[in-house]
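J.: Below is a structure I'd like to ask you about.
The values are calculated or read from the model by the stated rules, or taken from the named source; none is laboratory data. Nothing here was measured: the structure is a model prediction, and the numbers come from that model. Reconstructed Cβ throughout: ideal geometry from the backbone, glycine too, with neighbour counts over all protein chains shown.
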Amino acid sequence: MPSDGRWYGDTFDSALARNYYNRGRRHGYRGGIVHEGLPGHHFQISVANHHPSFIRRLQFNTCLIEGWALYCEQMVVERGLYPPDSFPDLRWLGGVWFRAARIIVDAKLHTGKMSYDDAWKFMVEKCWPDTAFFKAEVRRYCLSPSQPMSYLVGKTQLLALRDEYRERMGDRFSLRDFHDRLLAEGSIPVSLIRRKLLAK
């Protein structure tokens, strides 16, 4: 982080540094590891980068990419990949809550129904009281319309596709097969993957 605190709009002093350190130590990094590493972004993008089509390797659909990473946070809990209570439901549900608030802010910012100040205050009120963090977040939202909403929109699309694929496959459904077939298509829109997976 820049020492002048320009990402946060405030001075990144020792008290703020201690706050972030303590939050990380208390809450751990399980969600971050799942989202950013395995089986999240690192894994998904690594698979996509090996697609035989050069054009397909150039694709970077944020609904698929961010949706997959957020989907993984729920999936690892559903599949029991963490010991009981080590990554409780309320933790990943809090992440969903945060992404839902982003959808509201993203849409209202870019339709002129919310100002920058309205947006960060909304996030502080609805999520958690960290003004510096949300000022920086909303600054990023202003520069990237529709990216903030791609997390939960993409995850919702993936869950719907998984349900449809399970219904289509019946007793032959395998979660591993679904994931393998999904990721093999690269970072393209979920709607295009759906056409292929559900083709008759």
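J.: List, please: which pairs have Cβ atoms under 8 Å, are six or more places apart or on different chains, and start with a residue in the range 118-129 that is at pLDDT 95 or above and end with one that is surrounded by 16 or more Cβ atoms within 10 Å (Cβ to Cβ) and not in a helix (DSSP H, G or I)?
T.: Close Cβ pairs (under 8 Å, with a partner that is surrounded by 16 or more Cβ atoms within 10 Å (Cβ to Cβ) and not in a helix (DSSP H, G or I)) amount to PHE122/MET114; VAL124/ASP130.
J.: Which ones in the range 179-194 are of a type in the set (A, V, I, L, M) and in a loop (DSSP other than H, G, I, E, B)?
T.: Answer for the range 179-194, where residues must be of a type in the set (A, V, I, L, M) and in a loop (DSSP other than H, G, I, E, B): ALA184, ILE188.
J.: Given the options LEU152, LEU175, LEU143, LEU158, name the one that is farther than 28 Å from PHE54 by Cβ, modelled with pLDDT of 95 or more and in contact with a helix residue (DSSP H, G or I) (Cβ under 7 Å, 6 or more places away or on another chain).
T.: LEU152
J.: Against the condition closer than 28 Å to ARG57 by Cα and in contact with a helix residue (DSSP H, G or I) (Cβ under 7 Å, 6 or more places away or on another chain), how does ARG99 come out, does it pass?
T.: yes
J.: What single numbered condition from (1) at pLDDT 95 or above; (2) in a helix (DSSP H, G or I) fails to hold for HIS51?
T.: Every listed condition holds for HIS51 apart from (2).
J.: Which residue pairs have Cβ atoms closer than 8 Å, lie 6 or more positions apart in sequence or on different chains, and pair a first residue in the range 150-179 that is over 30 Å from ARG102 (Cα atoms) with a second residue that is among the hydroxyl-bearing types (Ser, Thr, Tyr) and surrounded by 12 or more Cβ atoms within 10 Å (Cβ to Cβ)?
T.: Correct list of pairs: PHE173/TYR165.
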